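The values are calculated or read from the model by the stated rules, or taken from the named source; none is laboratory data. Here the structure is a predicted model, which means the values were calculated and not measured. Reconstructed Cβ throughout: ideal geometry from the backbone, glycine too, with neighbour counts over all protein chains shown.
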Amino acid sequence: MADALDLAYGAEQPASAPLHGDPLDLAYGDDTGKGKVDFRTRQWYDPLHEMASSAYHSIVGGYQGLGTLIATRDPDLAAKTVDEETAKTYRAPEVKPETTFDKYYKGPDTFGAIDTSELASTVADKISDPATAALVKGAITVAPYAIRGAGESAPKAKPLPSAEEVVGRMASGQSMGAAGAIPALVDVSPELRQAISQASQKTGGAVNPTALERHIDTEQLPLPEGSEPLRLRKGQALNDEQQKSDEKNLRADPDTQRILERSITDQDQKLVASMGEIRRRATPDIVQRNNMEHGQANIDAIKQADNDRVLDIRSKYKALTDANGGTVPIDPGSFVNNVDDQLAKKFLTKTASETPEVSEILDSMRARAPMDFESFEAARTRLAEAQRRGGSAATAAGIVRNELEALPLSPQAQHLKGLADTARAAAKQRFDIIEQNPAYKAAVNDNVPKDDNNLHVIGADSPLADSFMNRYYLGEGGSASRASVQRIKNVINTPDFNASIEAAALNKLRDSAGIDALGNGSFKNASFRNAVNAMTPKADALLSPQSIENVERLKRVSGYVNDEGKANSTNRSNTALTLQRFGAPSISSPTVIRELANYGVDLGAKHVPGGSLIKNIGQSALSRANDAKELQAIRDAKLKFAIDATKPGAGLEQLESK
């Protein structure tokens, strides 16, 4: 026949399957049924089951060991007999699927809301043996009250307050931090909402404000669609250094069934995933680019904007030339006098005469040769080429070019002043943009050849691309100041241009967190925090408001997860005081096994040669049986500690002392 609770849960077994095991195993299910039991039910049922199972096997093992010792006078064999029997003690399974047993469940800590009489009858009806059925029915009926304490009256189910009601009370009377969290409740998970309500009921109407604020903040961390929220452990939610240390110390303890270890791994993976999700939300179309590609895109955007300005300037000078009958209405005498004065002041007269691009134009102007629009554009182009070479010759070429574009009008062309002013203003605007924006100047003056129309070739690889974003936007130098970044964004002001800056900034933060381009790595909290802090003074120039909010939240949550105070340390996890913090009973006498526990030795039966220890110190098998019960209680306490530390809303019910 099927085991009892498996049948109650709706699981099926062959009719011939025999019942076996200790009395509560008959009701709870053997190995074939453990994986089917509702995890939430175990929060009240497992303690009873394990306590009864431990007592049963310890007593039986003690008598068996004593009989073996009397019969054989072999303490090793007696100890082995005890170990074999106590090893049968039921241990709570790790698997946690939902089952049809949910219909009896009203809340993990509200025992009065469980209809134990109906549950007891349902289970007992599945057991053919009358004695066993009666035992199981009685145990289930009294289980909640036995756990709460003998003689306590049966509690009555009360409706849980809503999470909004709890936070509202906190906001009005206890915590302004909670007041700010009220609107955010729409974004938290059902599990956290329920945890807030249950914690409030348990404490009489309040929850821990630090834990509340941190849990709500953490649940709003951006994660890929379909992901479960990152869950803070109790120590992290409360910012309790001792609790954090205990959680770390127990992370690899086999008695915790790897619950804490999985929590640590899951948190790190979610921090990594959140960084990727923040980048994806900010720039979904270009999230795959690296910063060299962003640099190239940024340079191309600047060059495209510059091409547009150059063509606009040309059109305005062309209109002026056409209105003057096909020649540029420049006054050669005024032009030469102005240029000579400026060259002399800068001691560049000889340099100008030795620079072909400069001297040829000056010679033509001194000869008062007419200049058509094509010649005018050729002169501007050659002077620009000389400027890009740098040095004194470039300064001289700049003086000549500026005067050429200033276009001193001849007396006969004064009626064209309006057209001339329009052309001059366009040329001056471009000159000012170049001088005021280091990134713009670098992009338009790189050494990539121009096309036949003397325009930038868009898409041509620039030698500046690799370091462009860090040098002109993300770095700490004057060329990457907040003012410089904001100015050039105002000049270009296109979605693609702004997106390339934001994406590059987020890439830099990703790199600081130790995450590669494929999203691999372990989150480096300290370096990420430092990078965010360094970027903060100009964050509003680099990132959108939403990205700033998301990055700051990731920094906070990473701090909740990883920051440790001076009191936090990794110690042996089995010291007597630590075990008592986990809820283990006080240890009564210093046997060798207890001493081993105090020094952190693995207490698993397969690692402790119990028989030889008993032989060495002359202890009886019955003493070992008592030890086994205490050791089982220690294991149970550590498992309970791990479950409590990792549940949704951990720490909400722990009120701060006043």
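Tally the residues that are small (Gly, Ala, Ser), over 18 Å from ARG314 (Cβ atoms) and part of a helix (DSSP H, G or I), restricting the search to region 365-417. Break it down stepwise before answering.
Just the residues of region 365-417 that are small (Gly, Ala, Ser), to begin with: 367, 369, 375, 378-379, 384, 386, 390-394, 396-398, 406, 410, 413.
Of the ones still in play, those that are also over 18 Å from ARG314 (Cβ atoms) are 367, 369, 386, 390-394, 396-398, 410, 413.
Then keep just the ones that are part of a helix (DSSP H, G or I); that gives 386, 391-394, 396-398, 413.
The number of residues fulfilling the criteria is 9.
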Within region 343-375, how many residues turn out to be in contact (Cβ under 8 Å) with a residue 40 or more places away in the chain, buried (at least 19 other Cβ atoms within 10 Å of the Cβ), within 19 Å of GLN387 (Cβ to Cβ) and not hydroxyl-bearing (Ser, Thr, Tyr)?
6
Residue match in region 379-391 (condition: within 49 Å of the chain's Cα centre (by Cα), under 27 Å from SER353 (Cβ atoms) and at pLDDT 90 or above):
no
Give me the helices (runs of 4 or more DSSP H) completely within region 437-533, filtered to those with at least 3 residues that are closer than 26 Å to PRO284 by Cβ, ordered by residue number.
465-469, 482-492, 495-512
Does GLN257 satisfy the criteria of being touching a helix residue (DSSP H, G or I) at 6+ places or on another chain (Cβ under 6 Å), at pLDDT below 95, under 22 Å from LYS638 (Cβ atoms) and surrounded by fewer than 23 Cβ atoms within 10 Å (Cβ to Cβ)?
no
For residues that are within 20 Å of ALA379 (Cβ to Cβ), without any contact (Cβ under 8 Å) to a residue 24 or more places away in the chain and surrounded by fewer than 16 Cβ atoms within 10 Å (Cβ to Cβ), scanning just region 426-449, find the one that is nearest to the chain's Cα centre (by Cα).
PRO449
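Of everything in region 250-300, what is assigned to a helix (DSSP H, G or I), within 30 Å of VAL444 (Cβ to Cβ) and of a type in the set (A, V, I, L, M, F, W, C)? Give them in sequence order.
Going residue by residue through region 250-300, those that are assigned to a helix (DSSP H, G or I) are 254-256, 259-282, 291-300.
If we keep only those that are within 30 Å of VAL444 (Cβ to Cβ) too, we end up with 279, 282, 291-300.
Selection gives ALA282, MET292, ALA297, ILE299.
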Of residues in region 492-519 being surrounded by fewer than 17 Cβ atoms within 10 Å (Cβ to Cβ) and in contact (Cβ under 8 Å) with a residue 40 or more places away in the chain, the one farthest from ARG430 (Cα to Cα)
GLY519
Check GLU228 against each of (1) within 25 Å of ARG251 (Cβ to Cβ); (2) in a helix (DSSP H, G or I); (3) in contact with a Ser or Thr (Cβ under 9 Å, 6 or more places away or on another chain); (4) of a type in the set (D, E, K, R) and name the one condition it does not meet.
(2)
